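Let me begin by presenting the structure, written as structure tokens, before commenting on it.
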Amino acid sequence: PSKGERNFHLFYHMLSGASKEEQKLLKLLPLCNDYSYTSGDTKTAPGIDDAAEWAAVHERLELLGHDKKAREALFRVVSAVLAIGNITFKEAANPAGAEGAHDVAGEDALKLAAELLEVVPNSLRAKLTTRVLGTKGSTYTLPLTNEQCVETRD
């Protein structure tokens with residue numbers, strides 16, 4: 001986020017208001033500074049009680065007919081977005097002749113995001129570090145540069 005601004009308010013609502021049970025289920029790290037997307041200089045917003053807003057989010061989703069299981073699935077995706085924001089990239093060790101190819105730098109954030117999304121970590125890695133192009137009868141997988149990986153992630 002820009003200086004003096006917060007990212008999506010829902011991130012802060014969840015990090016401030018999630019119960020111990022939700023923190024465990026959503027595999028939340030304890031502080032806003034633990035996440036790239038919420039580590040800016042502004043953690044609070046004037047007139048906003050993030051914990052109360054988290055409770056209100058639950059109430060509104062329930063009013064819309066979303067049961068506990070559906071809400072948990074939605075919140076797992078939000079938690080996964082926070083985890084994805086912590087994924088960084090490095091130059092690929094074996095770029096197979098592809099200049100500037102990059103790979104995921106650390107496994108922790110990748111594994112956490114994949115677990116929350118219930119996908120295989122290497123599938124998520126591929127989506128973040130490669131692009132698939134198809135032509136008549138052929139498919140090509142092209143590696144992404146660091147800038148392209150970051151753009152894909154964000």
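The values are calculated or read from the model by the stated rules, or taken from the named source; none is laboratory data. Because the structure is a prediction, the values reported are computed rather than measured. FYI the Cβ positions are ideal-geometry reconstructions off the backbone, even for glycines, and counts take in every protein chain you see.
Consider Lys90 carefully, then state whether it is closer than 26 Å to Pro121 by Cβ, at pLDDT 95 or above and of a type outside the set (S, T, N, Q). Taking the combined requirement at face value, the residue does not satisfy it. Scanning the range 94-148 for residues that are surrounded by fewer than 18 Cβ atoms within 10 Å (Cβ to Cβ) and in contact with a Lys or Arg (Cβ under 6 Å, 6 or more places away or on another chain), we see that the one that is nearest to Phe75 (Cα to Cα) is Pro121.
Table: residues versus (1) over 16 Å from the mean Cα position of the chain (by Cα); (2) basic (Lys, Arg); (3) at pLDDT below 90.
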residue: Leu15; (1), (2), (3): no, no, no
residue: Glu21; (1), (2), (3): yes, no, no
residue: Lys24; (1), (2), (3): yes, yes, no
residue: His66; (1), (2), (3): yes, no, no
residue: Ala83; (1), (2), (3): no, no, no
residue: Val104; (1), (2), (3): no, no, no
residue: Ala113; (1), (2), (3): no, no, no
residue: Ser123; (1), (2), (3): no, no, no
